[in-house]
Amino acid sequence: MKKILVVEDDEGLREGIALALQREDLQFTLCAQLGQALRTFEGVADFDLVLLDLNLPDGSGYELLKTIKRQSDVPVIILTANDWEMDEVRGLELGAEDYITKPFSLMVLRARIDKVLRGAGKRTWQFGELSFCFEEMRFFKGAEEIILSRTEQKLLHLLVENRNQVLGREQLVDRIWTDGAEYVDENALSVAVGRLRNKLGECGGHLQTVYGKGYIWKV
């Protein structure tokens with residue numbers, strides 16, 4: 001199931017996109033304003049694509065585009081009535097994968113979406129000097145590659161995918177140690193967190209402890 005965030009203030013177009021493109025392998029989340037879209041993107045893990053209008057009632061879609069590209073490699077297709085060349089250039093320079101001007105054909109939009117999704121199999125997460133590609137199991141701090149154990153990779157993946165959300169200790173243990181073991185030492189998670197922090201070094205400030213609750217990857 002691919003998750004698509006649609007940010008469009010025109011209700012008819014917003015609902016029409018989700019209805020016309022609806023199929024079993026696509027799930028749409030709809031937002032009408034910039035603030036709502038920012039909260040949704042930061043609160044929901046693992047969007048696969050964002051369809052983004054530039055002219056929103058409470059701000060510019062460029063702000064969301066910049067936020068997305070600072071935090072992840074989620075592809076963005078801009079949908080806008082702005083047909084000025086400089087707007088298209090700016091959107092592409094900020095990292096958008098495509099730029100479609102209104103009015104547009106829904107068949108063309110579907111084809112563009114499918115093309116972008118086919119090319120988005122590998123996602124790189126970027127947090128300052130930290131760069132993570134979980135599909136390739138490669139992790140970098142600047143130019144230095146970080147070697148993580150399988151447990152540390154699982155822990156980091158869960159935290160990054162659910163960034164800005166507190167994950168409880170029991171929840172993390174249940175999702176990391178899934179090999180059928182009947183008992184996991186309660187200290188195992190603390191050890192894994194400590195080792196991960198050591199390997200991330202001074203760049204590891206995103207990994208924070210929420211005392212009495214669990215851990216959070218804060219961005």
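Short-range pairs are left out: with C-alpha atoms under 8 Å and at least six residues apart, the relative contact order of the chain is 15 percent.
Using a probe of 1.4 angstrom and keeping all protein chains present, the accessible surface of region 85-219 works out to 59 square angstrom per residue. Near ILE146, the amide H atoms lying under 5 Å from its own belong to PHE139, PHE140, LYS141; only residues 5 or more places off or on other chains count, and H is placed 1.01 Å from N. Find the Cα radius of gyration of the chain, compare it with 2.2 N^0.38 Å by division, and give the number to two decimals. Rounded to two decimals, the normalised Rg is 1.13.
I'd like the FRET efficiency for VAL166 and LYS2, computed as 1/(1 + (r/R0)^6) with the beta carbon distance as r and R0 of 22 Å, rounded to 0.05. Can you show the working numbers first?
On the way: r = 26 Å, r/R0 = 1.20.
For R0 = 22 Å, the calculated efficiency reads 0.25.
Taking SER72, SER131, SER190 in turn, the Gaussian network model of the chain (Cα-Cα springs below 10 Å) assigns the largest fluctuation to SER190. Relative to the current alpha-carbon distance between ASN55 and ILE100, full extension at 0.36 nm per residue lengthens the span by 14.8 nm.
Here the gap between ASP174 and ALA111, fully extended at 0.36 nm per residue and compared with their Cα-Cα distance, gives a gain of 18.7 nm. Could you let me know the centre-to-centre spacing of region 79-157 and region 61-75, using Cα atoms, in angstrom? So the separation of the two Cα centres works out to 9 Å. Note on region 125-186: with neighbouring protein chains present and a 1.4 Å probe, carbon and sulfur make up 45 percent of its accessible heavy-atom surface.
Could you work out the relative contact order of region 94-219, using alpha carbon pairs under 8 angstrom and six or more residues apart, expressed as a whole percent? Display every interim value, and only then the final one.
Details: 121 pairs, mean separation 27.3, N = 126.
The value is 22 percent.
In the calculated pair distance distribution of region 146-219, what percentage of Cα-Cα distances lie above 16 Å? Write out the running numbers ahead of the final one.
On the way: 1198 of 2701 pairs.
In whole percent, the share of Cα-Cα pairs in region 146-219 beyond 16 Å is 44.
Ordering LEU65, VAL89, PHE134 by Cα displacement along the dipole of region 45-139 toward the positive end leaves PHE134 in first place; charges were set at the Cβ atoms of Lys, Arg (+1) and Asp, Glu (-1).
Give me the number: length gained by fully extending MET86 to LYS66, i.e. 0.36 nm times residue separation minus the C-alpha to C-alpha distance, one decimal in nm. Write down the numbers at each step before the final one.
On the way: separation 20, 0.36 × 20 = 7.20 nm, distance 1.67 nm.
Roughly 5.5 nm would be gained on extension.
Taking Cα centre as origin and charging only the Cβ of basic (Lys, Arg, +1) and acidic (Asp, Glu, -1) residues, the dipole magnitude of the chain rounds to 500 debye.
Applying a DSSP loop filter and a limit of 15 other Cβ atoms within 10 Å to the chymotrypsin sites (Phe, Trp or Tyr not before Pro) in region 45-120 leaves TRP84, PHE104.
Mind checking which lysines have their Cα closer than 29 Å to the Cα of LYS102? Skip sequence neighbours fewer than 8 apart in that chain. Cross-link targets: LYS2, LYS3, LYS66, LYS69, LYS115.
The values are calculated or read from the model by the stated rules, or taken from the named source; none is laboratory data. Predicted model, so just to flag it, every value in this text is computed and none were measured. Every residue, glycine among them, receives a Cβ derived from its backbone with ideal geometry; neighbour counts consider all protein chains shown. Side chains are part of the model used for accessible areas, which takes the heavy atoms of the whole protein and leaves out ligands, DNA and RNA. Shrake-Rupley method; radii C 1.70, N 1.55, O 1.52, S 1.80 Å.
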